[in-house]
Amino acid sequence: MSQDKYRILVIEDDTNLVRALRRHLELEGYEVDTALDGESGLLKALQEPFDLIILDWMLPGMDGLEVCRRIRSRNRDIPILMLTARDAVRDRVLGLDSGADDYLTKPFDFAELQARIRVLLRRTQRREQKPKEYRFADLVLDTGTRQARRGDRVIPLTAKEYQLLELFMQHPRQVLTREQLYERVWGYDFSSESNVLDVYIRYLRRKLEAQGEPRLIHTVRGVGYVLREE
């Protein structure tokens, strides 16, 4: 798909930033629509076809987290990039758990924003490819339904948990470095002090081992993680 066919919705109440985003994105060949508050942004997101949404966290009325949750309840696949001045790890996790695919802290460089957008749009194109099923030990991941099963047990996954597990299932028994995991799942490097990856590994392990099943995702100290049997 050529870039000029992509439609981006910007939901942001800072009018100066909205103007700057529109100018930069249109120069890159995107078609841009905007909303200045959560309610009108949600209405546009649900009624019109967009390829990506840029969503501010702090909005008048309905905040960005609630907008994100409501969009996700109706449309699981549209990429959402959340903008916020909050930079604590717990806030990043909260934003991602609300359904955002990526997280960019203000102030940001427009070149980085454009790179994040390209990553998210490429990821969407991969989702549109023919569904397949990955199997490892007693774990199954269906890319069509985006559902995991361990034996007969269905495992509900958030968007980020799914992306992380899919990467492990694509590379069984291969050690994946922290840098590879951050780049492939989040699309950029976190600081070396960030523990967002470790938080999501804990989430995945808890769900995969909820009924006492053997551990499949193992820590390789000083390097990263690997999907393997004991």
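The values are calculated or read from the model by the stated rules, or taken from the named source; none is laboratory data. Remember, it's a predicted structure, so these values are computed and weren't measured experimentally. Counting neighbours? That spans all protein chains shown, and the Cβs are built from the backbone with ideal geometry, glycine included.
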Quiz item: helices (runs of 4 or more DSSP H) wholly in the range 145-230 with at least 3 residues that are without any contact (Cβ under 8 Å) to a residue 12 or more places away in the chain and surrounded by fewer than 17 Cβ atoms within 10 Å (Cβ to Cβ) - which ones?
Solution: 196-208
Exercise. From Asp152, Asp97, Asp138, grab the single residue that is under 16 Å from the mean Cα position of the chain (by Cα) and either modelled with pLDDT of 80 or more or not hydroxyl-bearing (Ser, Thr, Tyr) (or both).
Key: Asp97
